[in-house]
Amino acid sequence: MELQFLGATGTVTGSKYLVTIDDKKILVDCGLYQGVKHYRQMNRQPLPVKAEELSAIVLTHAHLDHSGYLPLLIKQGYSGAVYATPGTCELCKILLPDSGFLQEEDAKYAKYKGYSKHNPPLPLYTEEDARRALKHLWPSPFGEFHEILPGITIRFRPAGHILGAACVELFDGHEMLVFTGDVGRPDDVIMYPPESLKRADYLVMESTYGDRTHLSMDAEEALASAITETASAGGTVLIPAFAVGRAQMVLHILEKLRADNRIPKLPIYLNSPMAIKATEVFHRFHEKHRLTEDDCRRIDSMTHYVRTIEESKALADQSFPGIIVSASGMASGGRVLHHLKHILPNHRNSVLFVGYQAMGTRGEKLVNGAASIKIHGQDVPVRAKIRDFDGFSAHADSGQIVSWLKSIKTPPRQVFVTHGEESAAAAMAEKVSAELGWNARVPELLEKVTLK
Ligand SMILES: [Zn+2]
């Protein structure tokens, strides 16, 4: 068995791992690079393996940094199955076409601005390409062994994190290679804790929060007081949230805080067509998350769902206190940008971040105190209060991951630490070596290792 790292080395995006067993090539995760330009441009560089040479693709979960490269591989000639849990398949049906649509929008914008190398600028893939890719999804339930190729099986184990997210066990009859994917926290508000792993001869693990510990403060209380303060100053609260998972969690917490009279009864808007669709998927998979049918119903009756562009524009012009939840969560695109343009210049308003902010995104600049940020080519001054609540993150912190790994009784022969900024990945590798006594290191991009 051979493993090659095709992404997510020294960064949190672009997850892609190529596993070669005899003449079979399996790609585990198929993610887009996101965030700073240097990484986004890497989406355009060819992979060291041709799409048609791949025998199988396996996805850990639906986030675009794990699934968003798929339409491109299908466009380039991959014709096989894409194995993913049923929840992941459902979420991909929402996320991938939207990603294609955004690629087309970016290409149009580049043409308008005249800054693309291509003439006319070409999208990485289109919405239509993404829809074609969906036909290759092969829903594969958690907990069962799936023989994806003769003699090669995979099994998905619940990883918490988001609906459908899995750790992947890949077994060739000799070696058990395990990919953690993104690991949720044990105390997540809407997802169950990640299931323990039993065996991993080799382990590829994430390290998003590898150098951090979630603050033990009461995040809900802090959120409630930030909202109450803003409302009494007559301001609007904007909560940028990932459409899938975080938006539903935020609405659930707001609903509880409102019911307990811990925040004023302000109007609450969800302005993200994708988040609205994702909320519908949550309704269909009740046994896979902590939100009951009653919880979902209460969220529905509290929330104003903003669907059309006209409604979205009208909401941005509105000036009375309210709470707006909108995507994307790192303010890298989407409707949240229109709200930021209106909300940031006014000191009465606040912007509350509830998820991981990747390096180079507007979200990261805002939480690090930027005095102004660029939106649609325009400098927008930041006078609103900016708060970062990492207590709501969908990722386990370094201590939580290490305790979760303790269920593996025989030490893996090698641990590869990926999916973290350089310092986070290095800190995670050190912690795994120090506290578990395992061999752990951070691999290089395109590095190949033989596992035997
Ligand atoms: Zn993720």
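The values are calculated or read from the model by the stated rules, or taken from the named source; none is laboratory data. None of the values given here were measured: they were computed from a predicted structure. In this analysis, Cβ positions are derived from the backbone assuming ideal geometry, glycine residues included, and neighbour counts consider all displayed protein chains. These area figures cover heavy atoms from the full protein model, side chains too; ligands, DNA and RNA do not enter into them. Shrake-Rupley method; radii C 1.70, N 1.55, O 1.52, S 1.80 Å.
Sort 48-54, 334-340 by packing, meaning the average of other beta carbons within 10 Å per residue, with the highest value first.
Listed from highest to lowest mean packing, they are 334-340, 48-54.
Please report the carbon-and-sulfur percent of the accessible area for the chain; probe 1.4 Å, protein heavy atoms only, DNA, RNA and ligands left out. Don't skip to the end; give the middle numbers.
Details: 9430 of 18560 Å².
Reported share for carbon and sulfur atoms: 51 percent.
Please compute the contact order of the chain in relative form: average sequence separation of alpha-carbon pairs under 8 Å and at least six residues apart, divided by the residue count, as a percent.
So the answer I get is 19 percent.
Based on the Cα atoms of the range 168-242, what semi-axes does the equivalent ellipsoid have, where each is the square root of 5 times one gyration tensor eigenvalue, given in whole Å with the largest first?
Numbers: eigenvalues 321, 27, 23 Å².
Result for the range 168-242: semi-axes of 40, 12, 11 Å.
Can you compute the charge dipole magnitude of the range 33-86 about its Cα centre, using +1 on each Lys and Arg Cβ and -1 on each Asp and Glu Cβ, nothing else charged? Give it in debye, rounded to the nearest 20.
260 debye
Give me the 1.4 Å probe accessible area per residue for the range 219-392, excluding ligands and nucleic acids, in Å².
Dividing the accessible area of the range 219-392 by its residue count gives 41 Å².
Summing Lys, Arg as +1 and Asp, Glu as -1, what charge do residues with Cβ under 11 Å from the Cβ of V189 carry, V189 excluded? Write down the numbers at each step before the final one.
On the way: positive: R185, R246, K256, R290; negative: D187, D188, E220, D295.
After counting each charged neighbour, the total is 0.
As I understand it, the dipole of the range 219-392 uses +1 on the Cβ of Lys and Arg and -1 on the Cβ of Asp and Glu, about the Cα centre. Which of I375, H338, G234 lies farthest toward its positive end?
After comparing all options, I get I375.
Kindly provide the trypsin sites (Lys or Arg not before Pro) of the range 209-303 that DSSP labels as loop, not H, G, I, E or B, and whose Cβ sees at most 14 other Cβ atoms within 10 Å.
K265, R290
Got a number for the accessible area of R132? Probe 1.4 Å, square angstrom, nearest 10.
In the full protein context, R132 sits at about 110 Å².
I'd like the accessible area for D300, computed on protein heavy atoms only with a 1.4 Å probe and all protein chains in place. Round to 10 Å², please.
Surface open to solvent at D300 totals about 60 Å².
Protein chains only, probe 1.4 Å: how do E430, E2 rank by accessible area, largest first?
Working: E430 135, E2 60 Å².
Ranking E430, E2 by accessible area, largest first, yields E430, E2.
Per DSSP H run of n ≥ 4, the term is -39500 (n - 2.57); total these for the chain, divide by its residue number, and report the mean residue ellipticity at 222 nm rounded to 500 deg cm²/dmol.
When only DSSP H runs of four or more count, the value is -10000 deg cm²/dmol.
Provide the solvent-accessible area of E144, counting protein heavy atoms only and rolling a 1.4 Å probe, rounded to the nearest 10 Å².
It works out to around 90 Å².
Let me understand the chain better: what is its radius of gyration from the alpha carbons, and its Dmax, in angstrom?
Over the chain's Cα set, Rg and Dmax evaluate to 21.5, 66 Å.
Between the range 127-194 and the range 26-88, what's the alpha-carbon centroid distance in Å?
Their Cα centres are 14 Å away from one another.
Just want to confirm a number: the relative contact order over the range 176-313, from Cα pairs under 8 angstrom separated by 6+ residues, in percent. Please report the intermediate quantities before stating the final value.
Working: 116 pairs, mean separation 32.9, N = 138.
The value is 24 percent.
So how much slack lies between E105 and V449, counting 0.36 nm per residue of separation and subtracting their Cα-Cα distance, in nm?
Once the chain is fully extended between E105 and V449, it gains 119.9 nm.
Measure nothing but the geometry: give the 0 to 90° angle between the long axis through the Cα atoms of 219-232 and the longest principal axis through the Cα atoms of the chain, rounded to 10°.
Once rounded, one gets 30 degrees.
Largest first, how would S140, S328 line up by accessible area (1.4 Å probe)?
S328, S140
Helix 293-302 against the longest principal axis of the chain: what's the angle in degrees, Cα atoms only, rounded to the nearest 10?
Around 40 degrees separate the two axes.
Any chance you could check the Cα centroid distance between the range 234-257 and the range 331-346 for me, in angstrom?
Between the Cα centres of the range 234-257 and the range 331-346 lies a distance of 15 Å.
Which whole-number percentage describes the relative contact order of the range 9-94, with Cα contacts under 8 Å and a sequence gap of 6 or more? Before the final figure, lay out the partial values.
Working: 135 pairs, mean separation 25.0, N = 86.
Computed value for the range 9-94: 29 percent relative contact order.
When the convex hull of the Cα atoms of the range 219-392 is projected onto a plane and the area is averaged over all directions, what value comes out in nm²?
Reported value for the Cα convex hull: 9.3 nm².
How charged is the neighbourhood of H66? Take every other residue with its Cβ under 13 Å from the Cβ of H66, and add Lys/Arg as +1 and Asp/Glu as -1.
Local net charge: -3.
How tilted is helix 246-259 with respect to the longest principal axis of the chain? Cα atoms for both, answer in degrees (0 to 90, nearest 10).
Helix 246-259 sits roughly 40 degrees off the main axis of the chain.
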